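These notes concern the structure reproduced below.
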Amino acid sequence: MENYKKVKTVEKELAAPVQGLPADVIEMKVKDGSKIRNLMGFAVGKMESESVRQIAFSGSGKALGKTITCVEIMKRRLKDLHQITKICFRQTEEIWEPIVPEVGLDPLTVKRNSPAIFVLLSKDPLDAAEPGYQAPGSYEAQWIQELKEESKGQKKRKPGPGRGGLSGRKQPRPPGGRQDAPKKT
């Protein structure tokens, strides 16, 4: 690729994978460089108004984690949100042209499929039969159950010289550090 230069990158638009969405749904397109503070300020402000009933978050590639973080923050701030999550792929095309066209190299088109996520949050009930549906508050019940099961299997440890006790030293140092310790001859 040292003989080529990238001319442009084209991301194919991700069609909404949830069918029957109203045209006025706000879609938050999360990018890798997006600031969560800015995204959440806008999104929470819109969802707190009575006129907006649904909001969608979408992100792909390196922005997947940031997209999920935004959705979880939204669900914590505004209770009783219904959720539908869809996972898909977004296609990206990179067009590369030769640096020296006289050499006889052809232009290249590189197509990549990167993972993408689309999450619809709604104040109104959604179709519970839809794959990826999550009812309000259902995640808390799941986590509480998992924490209970996890805590049953753990035993309390006794404090002492193992796992963070005295850091492997057999005798504590005298007050004042090494200079007060008797010298060995």
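Peptides 23-33, 58-68, 73-83, ordered by how many other C-beta atoms sit within 10 Å of their residues on average, highest first, read 58-68, 73-83, 23-33. For the range 10-138, the C-alpha radius of gyration sits at 1.31 times the compact-globule guess of 2.2 N^0.38 Å, with N the residue count. In a shell of Cβ-Cβ distance under 15 Å around Asp24, excluding Asp24 itself, what net charge do Lys and Arg (+1) and Asp and Glu (-1) give? Around Asp24, the charge tally is 0.
Electrostatic tally near Lys5: other residues with Cβ closer than 13 Å to its Cβ, Lys and Arg +1, Asp and Glu -1, net -1.
Once you list every other residue whose beta carbon is under 10 Å from the beta carbon of Pro98, what net charge do they have if Lys and Arg are +1 and Asp and Glu are -1?
Values: positive: Lys5; negative: Glu97, Glu102, Asp106.
Charge balance in the 10 Å sphere: -2.
Remark: spin-label model distance Ala129-Gln91 equals 3.2 nm, labels positioned 7 Å along the Cα→Cβ axis. The modelled label-to-label distance for the pair Ile99/Thr9, using points 7 Å beyond Cα in the direction of Cβ, is 2.0 nm. Spatial offset of the range 91-153 relative to the range 1-45 amounts to 12 Å, using the alpha carbon center of each.
All of the numbers you see were taken from the coordinates with simple rules; none came from a lab. Given the structure is predicted, the values throughout are model-derived calculations rather than measurements. When we count neighbours, we look across all protein chains shown, and the Cβ atoms used for this are built from the backbone with ideal geometry, even at glycine.
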